[in-house]
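Please read the structure below before turning to the comments.
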Amino acid sequence: MNKQKMTKLSLIVCLPALVATNFFLWNLDPASMVDKFATIEAKEAARSSEEDVLASASLDDWELVLVNRDHLFESEPKSLATVGNIQVDSRIATATKDFLAAAQVIVPDEVLLSGYRSRAEQEQLYNERVAELEARGFNRAEAEARVRSQVQLPGASEHQTGLAIDMSEEAGQLDEVAEKIKALAPQYGFILRYPEGKSHLTGIDFESWHFRYVGVENAQYMEKHDLVLEEYLALLKDRK
Ligand SMILES: [Zn+2]
């Protein structure tokens, strides 16, 4: 190949490459590329940490115990601690205290209304509510059916585990305040256990005050994916 031909050939090969490279460089905004990569990295990190949460959660974890009308709680908390004027499982005492303190920043009158309840106390509560309705003229079956969407039967209440709290203002709470407190819950390991629109799964009507401890990572996952405990446990059961 003579020299002239070589030059021509290298021009044919190199010129488009040169133009393409410059075009690419002109269009490359270093700041936006860094942002783009950071977003991709953050998304991947979030995905892998979510997978970690699912991988490390176990159906046997104490904080994931399922208690509802189909899953009765027949045991007792091993150890109780007092927070304010209620008792909770001692393993969640700090989380409860911190969650209450955070809620009191939003509304100073926020209090813990209920925590651990023995089976006998639950039974008494249930019977009292049924009796109230019977006194208003409902027959026994009607009264029980109504009460069951608000008060669990003995054994079916999460309050017997010591892992559930009722937290509100004594006089009741405005929706927008309840929303703010609900949003705080996961960082302390709590979920609003009976949210709106899920009573077909939980068996209990919406309660803005009943929070259940499930651990921070589980709570954050459930919040992000809008899952109640029944759904989250089904997801854990289905994982490969
Ligand atoms: Zn409750």
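The table below lists the values:
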quantity	calculated
Filter pass, L163 being open to solvent by less than 20 Å² (accessible area, probe 1.4 Å), touching a residue at least 40 places away in the same chain (Cβ under 8 Å), closer than 18 Å to D52 by Cα and not small (G, A, S)	no
Segment 137-169, residues that are within 11 Å of the ligand (Cβ to nearest atom), touching a Gly at 6+ places or on another chain (Cβ under 9 Å) and among the charged types (D, E, K, R)	D166
E196 vs. criteria more than 14 Å from the ligand (Cβ to nearest atom) and part of a loop (DSSP other than H, G, I, E, B)	yes
Hits in segment 91-116 - residues which are open to solvent by 40 Å² or more (accessible area, probe 1.4 Å) and either away from the ligand (no atom under 15 Å from the Cβ) or out of contact with any strand residue (DSSP E or B) (no Cβ under 6 Å at 6 or more places or on another chain) (or both)	R91, T94, K97, D98, A101, Q104, V105, I106, P108, D109, V111
Any hit, segment 112-122, residues being closer than 20 Å to K182 by Cα and of a type in the set (A, V, I, L, M, F, W, C)	yes
Which numbered condition F206 fails, given (1) out of contact with any Gly (no Cβ under 9 Å at 6 or more places or on another chain); (2) within 15 Å of the ligand (Cβ to nearest atom); (3) in a loop (DSSP other than H, G, I, E, B)	(1)
So A101, is it modelled with pLDDT under 95 and either outside the structural domain of A234 (by TED's automatic domain parsing) or assigned to a helix (DSSP H, G or I) (or both)	no
Residues (within 18 Å of K97 (Cβ to Cβ) and either within 11 Å of the ligand (Cβ to nearest atom) or open to solvent by less than 60 Å² (accessible area, probe 1.4 Å) (or both)) located in segment 170-190	I181, L184, A185, P186, Y188, G189, F190
Members of segment 182-210 found to be aliphatic (A, V, I, L, M) and under 22 Å from I106 (Cα atoms), listed by number	A183, L184, A185, I191, L192
Residues (polar (S, T, N, Q) and open to solvent by less than 40 Å² (accessible area, probe 1.4 Å)) located in segment 52-90	S58, N68
Exclusive hit being of a type in the set (V, I, T) and surrounded by fewer than 18 Cβ atoms within 10 Å (Cβ to Cβ), set V228, V216	V216
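The values are calculated or read from the model by the stated rules, or taken from the named source; none is laboratory data. Keep in mind the model is a prediction, meaning the values are calculated, not measured. When we count neighbours, we look across all protein chains shown, and the Cβ atoms used for this are built from the backbone with ideal geometry, even at glycine. These area figures cover heavy atoms from the full protein model, side chains too; ligands, DNA and RNA do not enter into them. Shrake-Rupley method; radii C 1.70, N 1.55, O 1.52, S 1.80 Å.
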